[in-house]
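Novice: Questions regarding the structure given below will be posed in turn.
The values are calculated or read from the model by the stated rules, or taken from the named source; none is laboratory data. Everything numeric here is computed off the predicted structure, so don't read it as measured data. Neighbour counts run over all protein chains shown; Cβ positions are idealised from the backbone, glycine included.
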Amino acid sequence: MNRNNLPGIVITGASGFIGRHVVESLRETFHVFALARRTQQEVGVPRHQNIEWILVDIGDALQLDRVFRVGLAWCVLVFLPILCHPNQLAGLEAIFLCELNQLIKGRGLQNGCSG
């Protein structure tokens, strides 16, 4: 669990129209790890104790590796946008490969969500 004892959720595309609304709607029931290319302030998402805004381009495997190396405590991934650009599909693949690598090293899914 996270420091606030809520289940963690990773939202990609958090700075997009749909993503920012998803982040705001889930912030009371999840610890939200919002992955975005633009800042929280730029997109108008208010600061909240349950939102961790992480600036990252999910199409960049090196950036993703740095993000997941810290061992985000999450068990749900929501991939936005639904209509995917090839770079975003590559980013989703990179997220799963990065997390798989962390699981193999015994560091992934530290909140016990792995089964």
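Novice: Kindly indicate whether any position in the range 101-112 is crowded, with 18+ Cβ neighbours inside 10 Å, of a type in the set (S, T, N, Q), under 22 Å from Pro7 (Cα atoms) and at pLDDT 75 or above.
Specialist: Looking for residues that are crowded, with 18+ Cβ neighbours inside 10 Å, of a type in the set (S, T, N, Q), under 22 Å from Pro7 (Cα atoms) and at pLDDT 75 or above, one finds none in the range 101-112, hence no.
Novice: So, one more: Tell me the residue from Gln40, Gln49 that is more than 13 Å from the chain's Cα centre (by Cα) and surrounded by 19 or more Cβ atoms within 10 Å (Cβ to Cβ), please. I'd like the intermediate steps shown before the answer.
Specialist: Values: Gln49 fails: surrounded by 19 or more Cβ atoms within 10 Å (Cβ to Cβ).
Only one candidate qualifies: Gln40.
Novice: When Val67 is evaluated against the numbered criteria (1) modelled with pLDDT under 80; (2) in a loop (DSSP other than H, G, I, E, B); (3) out of contact with any His (no Cβ under 8 Å at 6 or more places or on another chain), which criterion, by number, is the only one it fails?
Specialist: Of (1) modelled with pLDDT under 80; (2) in a loop (DSSP other than H, G, I, E, B); (3) out of contact with any His (no Cβ under 8 Å at 6 or more places or on another chain), only one is false for Val67: (2).
Novice: Can you give me the number of residues within the range 19-37 that are surrounded by 14 or more Cβ atoms within 10 Å (Cβ to Cβ) and in a loop (DSSP other than H, G, I, E, B)?
Specialist: We begin by selecting, within the range 19-37, every residue surrounded by 14 or more Cβ atoms within 10 Å (Cβ to Cβ); these are 19-20, 22-24, 26-27, 30-37.
Now restrict to residues that are in a loop (DSSP other than H, G, I, E, B): 27, 30, 37.
Here the count works out to 3.
Novice: Could you run through the range 8-18 and say how many residues are within 13 Å of the chain's Cα centre (by Cα) and assigned to a loop (DSSP other than H, G, I, E, B)? Step through it out loud before you land on a result.
Specialist: Within the range 8-18, the subset within 13 Å of the chain's Cα centre (by Cα) is 8-15.
Narrowing the set further to residues that are assigned to a loop (DSSP other than H, G, I, E, B) leaves 13-15.
Residues that pass the stated criteria total 3.
Novice: Right, next: In the range 7-17, what residues are modelled with pLDDT of 85 or more and either over 17 Å from Val56 (Cβ atoms) or surrounded by fewer than 19 Cβ atoms within 10 Å (Cβ to Cβ) (or both)?
Specialist: Once the filter is applied, which keeps residues that are modelled with pLDDT of 85 or more and either over 17 Å from Val56 (Cβ atoms) or surrounded by fewer than 19 Cβ atoms within 10 Å (Cβ to Cβ) (or both), the range 7-17 yields Gly16, Phe17.
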